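Heads up: the structure comes next, in structure tokens.
The values are calculated or read from the model by the stated rules, or taken from the named source; none is laboratory data. The structure displayed is predicted, hence computed values, not measured ones. All Cβ positions, even for glycine, are placed from backbone atoms using ideal geometry, and neighbour counts span all protein chains on display.
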Amino acid sequence: MNKIVFFGGKGGVGKTTVSSAYASACAEKGERTLLVSTDPAHSLCDIFERTIGAKVTALGSNLDGLEIDPEEESQKYINAIKKNMKSIVSPVIVKEIEKQLDAAAVTPGSDESAVFDKLMEVLLELSGDYDRIVIDTAPTGHTVRLLSLPELMGGWMDRLIEKRKAAMALYEMANRDKRKMEELIMSDPVISTLSTRKAKMESARELLTDHEQVSFVFVLNPEKLPIEETKKAIQILAKYRIQVRDLVVNRILPEGLTDPFWNRRREIEKKYLEDIETVFAKQRRILIPLIETEVRAEDLGRIGAYFERL
Ligand SMILES: Nc1ncnc2c1ncn2[C@@H]1O[C@H](COP(=O)(O)OP(=O)(O)OP(=O)(O)O)[C@@H](O)[C@H]1O
Ligand SMILES: [Mg+2]
């Protein structure tokens, strides 16, 4: 696995458990490890039984944790834009824009883009301090949207920049001064804000598609729906040139069950395990059994051990 490892997958398949176990195993080996959660459900604090939050918090030797809160980030993000806007547009339209921004704050995608910004900031600022950064993401839909943002936003920002330039050109026609026009564009706060964001998105895209720095791992269970969802997610991400090379098949029924009920379940599972082998022949598969308890911090070693052979 690479230095930065994203764990994704359908709701409830074991992303938080498996990413925590993997991060703990890395820390155990002596790697300085940061475990980041971008899931609004904040389950890292449940496993490690302590509050983590927006500040880097020590979770153990060589292991730190950080939780990014989508709602809080979204609000910060919107507020920052509002502040920016005030200096660049007339007060008359500020009110209207604020209304639109507040509406935007509750539209799908706004939390993801705020989380994305924060995550990129974390990766850029903290990656020098760690040997390994492990990211526990929210269920598939959010994650796929999160990872496809740079591609989507890049084009969108290009169009905004073009629009702004066209608007300025109209305004400038009255003045008919070419050189002044160029100066205006260079010093325009809207264009410079958009260009900065665009540059950020481009470096994010470069990072996400850098197969030597970043790995994506999908967690799934040997069941119909997680298989379907994983298949779709891998296809979508491939369109954005993001490769998923590893899968964790989690909660496989253990050997040695003799009860007819469990035998029946085992047979169903066997079929899905075979499906996984054919459907995901290109991916490396890491198999983790169902353990007999709910996974707590002290059980992570047992799950982490399955990564040992990597
Ligand atoms: N191998 C395992 N053996 C036993 N229990 C497990 C295993 N993996 C996960 N669990 C349990 O399954 C439940 C869901 O796991 P987890 O919270 O890691 O999933 P998740 O994918 O992060 O969920 P969400 O999508 O809600 O964030 C937890 O109660 C966890 O203890
Ligand atoms: Mg989780």
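Scan the helices (runs of 4 or more DSSP H) fully inside region 1-97 and keep the ones with 3 or more residues being modelled with pLDDT under 95 and of a type in the set (D, E, K, R). Write out each step before concluding.
Working: elements: 15-28, 44-48, 70-88.
The helices (runs of 4 or more DSSP H) meeting that bar are 70-88.
Does residue 255 satisfy the condition of being more than 30 Å from residue 46 (Cβ to Cβ) and more than 16 Å from ligand 2 (Cβ to nearest atom)? No: the conditions fail for residue 255. Here residue 18 passes the criteria (1) of a type in the set (Val, Ile, Thr); (2) within 13 Å of ligand 2 (Cβ to nearest atom); (3) farther than 26 Å from residue 229 by Cβ except the one numbered (3).
Out of the residues in region 16-52 that are in contact with a Gly (Cβ under 9 Å, 6 or more places away or on another chain) and among the charged types (D, E, K, R), which is nearest to residue 115 (Cα to Cα)? Looking at the filtered set, the residue picked out is 50. Here the condition is being hydroxyl-bearing (Ser, Thr, Tyr), away from ligand 2 (no atom under 16 Å from the Cβ) and within 27 Å of residue 219 (Cα to Cα); of 187, 195, 148, it holds for 148 alone.
Suppose the filter is assigned to a helix (DSSP H, G or I) and buried (at least 18 other Cβ atoms within 10 Å of the Cβ); does residue 207 pass it? It is false that residue 207 is assigned to a helix (DSSP H, G or I) and buried (at least 18 other Cβ atoms within 10 Å of the Cβ). What about residue 202, is it within 16 Å of ligand 2 (Cβ to nearest atom), part of a helix (DSSP H, G or I) and touching a helix residue (DSSP H, G or I) at 6+ places or on another chain (Cβ under 7 Å)? Judged against the criteria, residue 202 is not a match. Comparison of 201, 181 shows that the only residue that is at pLDDT below 80, crowded, with 16+ Cβ neighbours inside 10 Å and within 24 Å of the chain's Cα centre (by Cα) is 201. The sole residue among 15, 55, 3, 29 that is within 12 Å of ligand 1 (Cβ to nearest atom) and at negative phi is 15. Check off (1) at pLDDT 95 or above; (2) touching a Gly at 6+ places or on another chain (Cβ under 9 Å) for residue 295 and give me the number that stays unchecked. For residue 295, the failing item is (1).
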